[in-house]
Amino acid sequence: MGVAVILAATAPALAEEMPASLRELLIEYRCPVVDRLERVYEAGDHAKHADRFLAVTVPEHPFGYVQCMFLEKRTVILCEASSGYYATPQGVPRVRLPAEAITALAELGFDTDDSKGNFQATATLSKTPPDFNYLADFILETLHAVYGARATSKLRFNAPFAPRATSQCVPVS
């Protein structure tokens, strides 16, 4: 997928009236996702892509996650949405997402061929640093539309360069 596809993918939901459940998810989780994306982007050797990823998992879904990785010295982002391909043990009938989830993935700009792995969307990042809010919204909108993530979900994060949230995203009570 090209840059226009992945970056334009979130524009319709953000420009039009979005569902309240998506708005609430963005309010709850945008900051922690942006925080981790920024730190992953800045950390380590920029010429290497090992560990330069953020995976966000929806625990209520049997295999729902989106993982994005910075590649090519941080000029490209590759995002994968779990297809269930790796969640199915060998010899057992393949676990598949419902048709409406596949449609949502296509609308978000993902390649929907899951015959050899996960769904993928790739984009060239046209500015340095990229718009982390936009990337976070893309991740969260995918989790919402495909795996049912909501503000009440207890999303889990895996980012070797950003294992814990920083204090900038801790709500003030």
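Just checking, which of ALA87, ALA101 is in contact with a Pro (Cβ under 8 Å, 6 or more places away or on another chain), among the small types (Gly, Ala, Ser) and more than 16 Å from LEU155 (Cβ to Cβ)?
Values: ALA101 fails: in contact with a Pro (Cβ under 8 Å, 6 or more places away or on another chain).
Exactly one of ALA87, ALA101 is in contact with a Pro (Cβ under 8 Å, 6 or more places away or on another chain), among the small types (Gly, Ala, Ser) and more than 16 Å from LEU155 (Cβ to Cβ), namely ALA87.
Could you please give the count of residues in region 23-61 that are open to solvent by less than 50 Å² (accessible area, probe 1.4 Å), in a loop (DSSP other than H, G, I, E, B) and over 18 Å from PRO130 (Cα atoms)?
Qualifying residue count for the region: 2.
Pairs, please: C-beta under 6 Å, at least 6 apart or cross-chain, first residue over 19 Å from LEU37 (Cβ atoms) and in region 148-162, second part of a loop (DSSP other than H, G, I, E, B)?
LYS154/PRO59
I'm trying to understand the selection: among the residues of region 62-81, which are crowded, with 18+ Cβ neighbours inside 10 Å, part of a loop (DSSP other than H, G, I, E, B) and not charged (D, E, K, R)?
Within region 62-81, just GLY64 meets the criteria.
Mind listing just one residue for me: the one in region 86-103 that is modelled with pLDDT of 90 or more and out of contact with any Phe, Trp or Tyr (no Cβ under 9 Å at 6 or more places or on another chain) and, of those, most open to solvent (accessible area, probe 1.4 Å)?
In the first step, residues of region 86-103 are kept if they are modelled with pLDDT of 90 or more; the result is 97-103.
With out of contact with any Phe, Trp or Tyr (no Cβ under 9 Å at 6 or more places or on another chain) added as a condition, the list becomes 98-100, 103.
Working: PRO98: 64, ALA99: 74, GLU100: 130, THR103: 73 Å².
Step by step, filter region 86-103, then rank; the result is GLU100.
Looking only at residues in region 117-163 that are open to solvent by 70 Å² or more (accessible area, probe 1.4 Å), hydroxyl-bearing (Ser, Thr, Tyr) and assigned to a loop (DSSP other than H, G, I, E, B), which one is nearest to GLU24 (Cα to Cα)?
Applying the filter and picking the extreme gives THR152.
Please pick out the residue among GLU72, GLU24 that is among the acidic types (Asp, Glu) and either at pLDDT below 95 or within 15 Å of PHE161 (Cα to Cα) (or both). Write out each step before concluding.
Details: GLU24 fails: either at pLDDT below 95 or within 15 Å of PHE161 (Cα to Cα) (or both).
So the residue among GLU72, GLU24 that is among the acidic types (Asp, Glu) and either at pLDDT below 95 or within 15 Å of PHE161 (Cα to Cα) (or both) is GLU72.
The values are calculated or read from the model by the stated rules, or taken from the named source; none is laboratory data. Only a predicted model underlies this, so the values are computations on that prediction, with no experimental measurement involved. Every residue, glycine as well, gets a Cβ built from its backbone with ideal geometry; the counts of neighbours run over all protein chains shown. Ligands, DNA and RNA are excluded from the accessible area calculation, which covers all protein heavy atoms including side chains. Shrake-Rupley method; radii C 1.70, N 1.55, O 1.52, S 1.80 Å.
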